[in-house]
Amino acid sequence: MRFKKVLFVLILFFTLPIFAVELKEPDSAVVFMYHRFGESKHPSTNITLEQFRYQLEYLKENNYNVWPLSKIINRIIDKKSIPPKTVALTIDDAYISTYTKAYPMLKSKNFPFTVVVSTNPVDNRSKFYMSWEQMREMQANGAEFANHSLSHDFLLQRDNETTLAWKKRVTNEIQKAQLRLKEEFGEDTNENPRLFSYPFGEYDMQTIELMKELGYIGMTQTSGPIGANIDLRALSRFPMAEAFATSKGFITKLNTLPMPIESVSQTDPLLKGENPPKLRIKLKEPLKYVGCYISSGEAIKVERISQTQIEIIANTALKAPREKYTCTAPAKDGKWYWYSHLWIVKK
């Protein structure tokens, strides 16, 4: 009898830590996306220098782990843990203000960052883009470089384009840009892992399947944190243009967690049926107070089908070319669960 008691205590002792691990907040990271710095003529893609300076200071003063995006993705692929308060800073297009305005601030903080390059404008020596020489200087001071295609063309299949011609065109856009990156920065550039940012943030199921076939991680402009269960063909990032880069907005997005989603009814963002579309989300666990919105911030209808299923639909038809459904719910410690679904609306 005494032996059974001791055995029960031992089992209980060694089981409790396992139970605690299961309740632990899932590993996740927040990825921010920038385009232009201090270029007020382009407010939809620009962040003011004051906003950017505040964000870097906040990350430094609050002891955030600022990692290269490749390091975070490799942790996810290898099923290794990601420390709390981990962030990646990504910059699309390689505009000149990345070098003249953002780079000095990033260098002063010793922060790594990821620049996503469309190679044709650089090769054509456009005055609006950085040069290869400038980017090599940044590479020596914390920058890594990723693929954004040759010409920043739309990647979706055109109405008058065969599937074979589409595949050839898109493969050429991706693989030739990858070759140029390797020629300029070295053979190992953007190879572990291969990162690709969709031009205009547009992709459909056909495109992301091609990404997988070519061995790339696809990066979107659809907001949300990333974690172990993220679809690596469509990596979410928080856009940081002027309207979204306020101190309050930035801090809110830093404190987001991936919504615990089991499945969604519509995985393809290309809208082919009814408009506005219905989206049904099945959650892994019940969440209270789920609110959903379109890009303008307008609240949209949320119907609770069951404790773990919700259905959402916009109040009016979505407008071309792109729209999003974004859903949030309060989590512990002032954090927010966050999920965003892209819709591509053809004219």
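I'd like to check something: does segment 338-347 contain any residue that is within 19 Å of ALA234 (Cα to Cα), outside any strand (DSSP E or B) and among the aliphatic types (A, V, I, L, M)?
yes
Show the residue pairs that are 6+ apart or on different chains and have beta-carbon atoms under 6 Å apart, the first residue being within segment 320-347 and in contact (Cβ under 8 Å) with a residue 24 or more places away in the chain, the second being among the small types (Gly, Ala, Ser) and part of a strand (DSSP E or B).
Correct list of pairs: LYS324/SER340; THR326/SER340; THR328/GLY291; TYR337/ALA329.
With in contact with a strand residue (DSSP E or B) (Cβ under 9 Å, 6 or more places away or on another chain) and on the phi > 0 side of the Ramachandran plot as the only criterion, which of TYR293, TYR289 stands out? Write out each step before concluding.
Details: TYR293 fails: on the phi > 0 side of the Ramachandran plot.
Exactly one of TYR293, TYR289 is in contact with a strand residue (DSSP E or B) (Cβ under 9 Å, 6 or more places away or on another chain) and on the phi > 0 side of the Ramachandran plot, namely TYR289.
How many of the residues making up segment 123-168 are of a type in the set (Ser, Thr, Tyr), surrounded by 15 or more Cβ atoms within 10 Å (Cβ to Cβ) and in a helix (DSSP H, G or I)?
Of the residues in that region, 0 qualify.
What residue, of GLU285, GLU323, GLU303, is part of a loop (DSSP other than H, G, I, E, B) and not assigned by TED's automatic domain parsing to the domain that holds VAL30? Explain how you work it out, then say what you get.
On the way: GLU323 fails: part of a loop (DSSP other than H, G, I, E, B); GLU303 fails: part of a loop (DSSP other than H, G, I, E, B).
Exactly one of GLU285, GLU323, GLU303 is part of a loop (DSSP other than H, G, I, E, B) and not assigned by TED's automatic domain parsing to the domain that holds VAL30, namely GLU285.
Going through segment 185-214 one residue at a time, which ones are assigned to a helix (DSSP H, G or I) and surrounded by fewer than 19 Cβ atoms within 10 Å (Cβ to Cβ)? Step through it out loud before you land on a result.
So in segment 185-214, the residues assigned to a helix (DSSP H, G or I) come out as 185, 199-201, 205-214.
Of everything in segment 185-214, those that are assigned to a helix (DSSP H, G or I) and surrounded by fewer than 19 Cβ atoms within 10 Å (Cβ to Cβ) turn out to be PHE185, PHE200, MET205, GLN206, GLU209, LYS212, GLU213, LEU214.
Listed here are the residues, each with its yes/no results for (1) among the hydrophobic types (A, V, I, L, M, F, W, C); (2) in contact with a Pro (Cβ under 9 Å, 6 or more places away or on another chain).
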{"residue": "ASN275", "(1), (2)": "no, no"}
{"residue": "LYS278", "(1), (2)": "no, no"}
{"residue": "ILE281", "(1), (2)": "yes, no"}
{"residue": "SER296", "(1), (2)": "no, no"}
{"residue": "ILE300", "(1), (2)": "yes, yes"}
{"residue": "GLU303", "(1), (2)": "no, no"}
{"residue": "THR326", "(1), (2)": "no, no"}
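Looking only at residues in segment 215-257 that are in a loop (DSSP other than H, G, I, E, B) and among the charged types (D, E, K, R), which one is nearest to HIS42 (Cα to Cα)?
Here is the first cut: in segment 215-257, the residues in a loop (DSSP other than H, G, I, E, B) are 215-216, 220-225, 228-234, 236-237, 240-241, 245-246, 255.
Filter again for among the charged types (D, E, K, R), leaving 231, 233, 237.
Values: ASP231: 31, ARG233: 29, ARG237: 20 Å.
Step by step, filter segment 215-257, then rank; the result is ARG237.
Take segment 71-98 and flag every residue that is more than 17 Å from the chain's Cα centre (by Cα) and closer than 22 Å to PHE200 by Cα.
Quick first cut of segment 71-98, residues more than 17 Å from the chain's Cα centre (by Cα) only: 78-81, 83-84, 94-98.
Within segment 71-98, ALA94, TYR95, ILE96, SER97, THR98 qualify.
The values are calculated or read from the model by the stated rules, or taken from the named source; none is laboratory data. Owing to the predicted nature of the structure, the values given are computational and were not obtained by experimental measurement. We place every Cβ from the backbone using ideal geometry, glycine too, and count neighbours over all the protein chains shown.
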